[in-house]
1. Just checking, which of 261, 247, 226 is assigned to a strand (DSSP E or B) and either farther than 25 Å from residue 106 by Cα or out of contact with any Asp or Glu (no Cβ under 7 Å at 6 or more places or on another chain) (or both)?
2. Name the residue, out of 365, 328, 377, 348, that is of a type in the set (D, E, K, R), more than 19 Å from residue 40 (Cβ to Cβ) and part of a strand (DSSP E or B).
3. I'm trying to understand the selection: among the residues of region 324-360, which are surrounded by fewer than 21 Cβ atoms within 10 Å (Cβ to Cβ) and β-branched (Val, Ile, Thr)?
4. Quick one: residue 105 ticks every box in (1) of a type in the set (A, V, I, L, M, F, W, C); (2) within 25 Å of residue 357 (Cβ to Cβ); (3) in a loop (DSSP other than H, G, I, E, B) except a single one, so which number is it?
5. Tell me whether region 203-218 contains one or more residues that are surrounded by 18 or more Cβ atoms within 10 Å (Cβ to Cβ), in contact with a helix residue (DSSP H, G or I) (Cβ under 9 Å, 6 or more places away or on another chain) and not aromatic (Phe, Trp, Tyr).
6. Got a sec? Which of 258, 306 is at pLDDT 95 or above and touching a helix residue (DSSP H, G or I) at 6+ places or on another chain (Cβ under 6 Å)?
7. Taking into account only those residues within region 157-194 that are on the phi > 0 side of the Ramachandran plot and under 18 Å from the mean Cα position of the chain (by Cα), which is modelled with the highest pLDDT?
8. Exactly one condition in (1) closer than 30 Å to residue 170 by Cα; (2) modelled with pLDDT of 95 or more; (3) among the hydroxyl-bearing types (Ser, Thr, Tyr); (4) assigned to a loop (DSSP other than H, G, I, E, B) is not met by residue 40; state its number.
Amino acid sequence: MSSTFRSTRSLVTFVVAAVGWGTIAAIPAAQQGQVVTTPSGQQLRVEPVATNLDTIWDMVWAPDGEMWVTERGGRVSRIDVSSGRVTPVGEIDVLERGESGLMGMAFHPDFPAEPWVYLVHSFGSDDNIRNRLVRVRYENGRIGSPETLIDEIRGRGNHDGSRLAIGPDRLLYMTMGDAGRRPLSQDTSSLNGKILRLTLDGKPAPGNPFDNEVWSWGHRNPQGLVFHPDTGALYSAEHGPRTDDEVNLIERGRNYGWPTVNGRCDTPEEREFCRAYNVVESVAEWTPTVGMSGADIYVHDLIPGWKGNILVTSLRGRSLFRVTLGPDGRRATSIERLFEDRYGRLRDVLVGPAGFIYIATSNHDGRARGLGPFAGDDKVLKIGPAS
């Protein structure tokens with residue numbers, strides 16, 4: 001998930017119909033969702049907001065209060081979360097292969113007065129996948145032609161990135177995977193295996209540590225990116241190889257260790273590398289890996305006990321994880337696994353302005369392996385207290 005303010009298997013069948021570029025019919029109001037009891041004993045109501053989408057990649061609250069979503073095949077839509085009505089606003093010409101396609105989205109901080117929407121997408125051919133950052137103008141209910149800001153970033157059918165977020169400094173942050181070329185993560189002249197920090201025109205931001213776009217390095221495939229709404233700290237969620245999916249606290253110019261270090265610095269080789277390169281150890285890690293994807297931070301009181309927690313979706317793990325942080329925000333003190341196998345692969349999580357949580361399924365992405373797609377996939381689901 002990315003959001004300018006970034007600060008579960010359903011058996012119910014819904015019918016939605018799309019007519020050209022018009023709206024997609026809302027879900028019937030009579031559908032009440034389900035009540036789920038968490039491992040810690042809380043009761044949550046989970047109900048569908050929108051259904052019959054195709055491989056949702058990003059959900060964003062625009063500064064004007066609407067939810068927007070990207071689908072990996074190239075479509076961009078707005079969703080009215082009160083009615084479930086989906087309104088497509090345009091489509092980007094993308095190459096969708098494996099994990100590549102249309103990915104992250106963010107908005108100019110003065111949107112809609114400055115009507116720029118930022119998007120990352122793949123292009124090229126099966127044997128030469130590349131990525132680019134573009135921006136489009138949103139006017140009269142439609143997005144316009146893309147303006148390329150960064151072009152020809154190495155891509156791949158996996159390890160492809162890419163999430164976007166606008167920081168409290170009004171700059172654009174962007175994740176990029178290593179595109180399967182491990183040495184690039186340790187090459188600060190390459191944009192792969194990095195988190196980038198850019199101006200709103202896509203240029204290297206002033207104060208970057210290497211006088212280019214790079215903000216942090218040594219990443220494998222970071223797919224979640226979120227600023228803490230209260231502290232301004234930047235966190236990422238990152239895919240590990242077979243061990244050590246990670247949540248990381250991102251700091252200027254710091255090395256996160258890939259491909260030598262997975263998770264903590266806890267082998268002799270890793271400890272030596274960490275000392276030599278001042279590596280930042282992960283906030284939380286998962287072994288075996290669960291395919292970490294979107295992330296957001298909960299800063300509301302609507303769901304008791306969740307305030308200040310990081311929420312992270314997982315693809316392979318088919319779960320939402322609630323990560324409680326220690327006082328300094330540098331280490332997890334507990335992790336709760338929610339909705340395991342209930343809704344399939346989960347790509348993104350987004351906290352709404354009223355404190356409800358929205359998660360997006362990714363069961364049409366070609367990797368459900370018999371555990372989906374389910375009726376109505378792909379879906380946006382709303383989570384809140386049962387009463």
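1. Checking each option against the conditions leaves just 247.
2. So the residue among 365, 328, 377, 348 that is of a type in the set (D, E, K, R), more than 19 Å from residue 40 (Cβ to Cβ) and part of a strand (DSSP E or B) is 348.
3. Residues satisfying the conditions are 324, 333, 335.
4. (3)
5. yes
6. Working: 306 fails: touching a helix residue (DSSP H, G or I) at 6+ places or on another chain (Cβ under 6 Å).
Checking each option against the conditions leaves just 258.
7. If we take residues in region 157-194 being on the phi > 0 side of the Ramachandran plot and under 18 Å from the mean Cα position of the chain (by Cα), then 193 is modelled with the highest pLDDT.
8. Result: residue 40 passes all but (1).
The values are calculated or read from the model by the stated rules, or taken from the named source; none is laboratory data. Worth saying up front: this structure is predicted, and the values here are computed from it rather than measured. As a convention, Cβ positions derive from the backbone with ideal geometry for all residues, glycine included, and neighbour counts pool all protein chains shown.
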